[in-house]
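To keep things clear, I will list the structure first and then write my remarks on it.
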């Protein structure tokens, strides 16, 4: 699993990468995940439906991330614009 | 007597002119100082680098491509915007996503433009002085928020009437381009030929 964050001037940045079944790597992923949420980011997992529709799922805790998810994307929260 | 009064009048006019000029000078100086102060308060984009921004945009495009389906990606690459079908309500809206512009809602059946949903994804960490994501990351953030939580995004956004930021003529042009693009695409994909006879969105 890879945790990615989109950033101005960077595009995507890899925050952490690891196997959730390996305890050390799980802890590292969990720590990075919480850090981003604490910083006010939203987390999303890109998915595909059985009909082939691509979509995303917002997750609010690491436990909500599907175990087989390949990546979690962090991006700034939406705010009403002008 | 008349000479004295005339002289007095001239002196008064001269004095008033000097005072007025001084006041004007101070006011314009104050204005300039206020402008300078405001500029100093504004976060400076310290090291804008076009090369870095281009590389960021390239990475953002790759990420977007990896998330959306092939049709959405081709649409964005070729037309510069992406359409996402809504799922709320009986008369489902579709949305056009433009980078750093409001989300445009319209009814695909009638072509009626519903409104503009103004939403931003400002990154307050401002790594290079700007909170603005690369264009394709902005589209990706809108796509994620719409496909994951359409209602939440719509409620969070500020809704405005059509034409406030994106000209209605431009939207109509884009919808016509989209319909034409879909017809061409259906024609170039033999397995989709049966769609040719269907009624286009516009």
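Here is how the numbers come out for the structure above:
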item: Of all residues making up the range B:57-71, the number that are at pLDDT below 95 and under 21 Å from the mean Cα position of the chain (by Cα); result: 0
item: Sole exception among (1) more than 10 Å from the chain's Cα centre (by Cα); (2) buried (at least 18 other Cβ atoms within 10 Å of the Cβ) for residue A:59, by number; result: (1)
item: Hits in the range A:20-37 (condition: more than 22 Å from residue B:67 (Cβ to Cβ) and either at the interface with another protein chain (Cβ under 9 Å from one of its Cβ atoms) or more than 13 Å from the chain's Cα centre (by Cα) (or both)); result: A:21, A:22, A:23, A:24, A:25, A:26, A:27, A:28
item: Identity of the residue in the range B:86-125, closer than 30 Å to residue B:49 by Cα, in contact (Cβ under 8 Å) with a residue 40 or more places away in the chain and touching a helix residue (DSSP H, G or I) at 6+ places or on another chain (Cβ under 7 Å), that ends up surrounded by the fewest Cβ atoms within 10 Å (Cβ to Cβ); result: B:99
item: Residue list for the range B:97-114, restricted to those being at negative phi and within 14 Å of another protein chain (Cβ to nearest Cβ); result: B:97, B:98, B:99, B:101, B:102, B:103, B:104
item: Residues being at the interface with another protein chain (Cβ under 7 Å from one of its Cβ atoms), closer than 15 Å to residue A:7 by Cβ and in contact with a helix residue (DSSP H, G or I) (Cβ under 7 Å, 6 or more places away or on another chain) - total across the range B:58-71; result: 2
item: Selection count where residues are within 7 Å of chain A (Cβ to nearest Cβ) and surrounded by 24 or more Cβ atoms within 10 Å (Cβ to Cβ), scope the range B:126-139; result: 3
item: Qualifying residue in the range B:177-187 (condition: over 16 Å from the mean Cα position of the chain (by Cα), surrounded by 14 or more Cβ atoms within 10 Å (Cβ to Cβ), more than 18 Å from residue B:79 (Cβ to Cβ) and at pLDDT below 95); result: no
item: Residue match in the range A:47-54 (condition: within 7 Å of chain B (Cβ to nearest Cβ) and under 10 Å from the mean Cα position of the chain (by Cα)); result: no
item: Failed item, numbered, when residue A:7 is tested on (1) more than 13 Å from residue A:73 (Cα to Cα); (2) over 13 Å from the mean Cα position of the chain (by Cα); result: (1)
item: Residue, nearest to the other protein chains (Cβ to nearest Cβ), within the range B:140-162, restricted to residues that are touching a residue at least 40 places away in the same chain (Cβ under 8 Å) and in a loop (DSSP other than H, G, I, E, B); result: B:157
item: Evaluation of residue A:1 against (1) over 10 Å from the mean Cα position of the chain (by Cα); (2) surrounded by 12 or more Cβ atoms within 10 Å (Cβ to Cβ); (3) more than 10 Å from chain B (Cβ to nearest Cβ) (one fails), failing number; result: (1)
item: Test: residue in the range A:57-66 that is in contact (Cβ under 8 Å) with a residue 60 or more places away in the chain and in contact with a strand residue (DSSP E or B) (Cβ under 9 Å, 6 or more places away or on another chain); result: yes
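The values are calculated or read from the model by the stated rules, or taken from the named source; none is laboratory data. In this text the structure is predicted, and so the values were computed from the model without any measurement. Cβ atoms come from the backbone with ideal geometry, glycine included; neighbour counts cover every protein chain shown.
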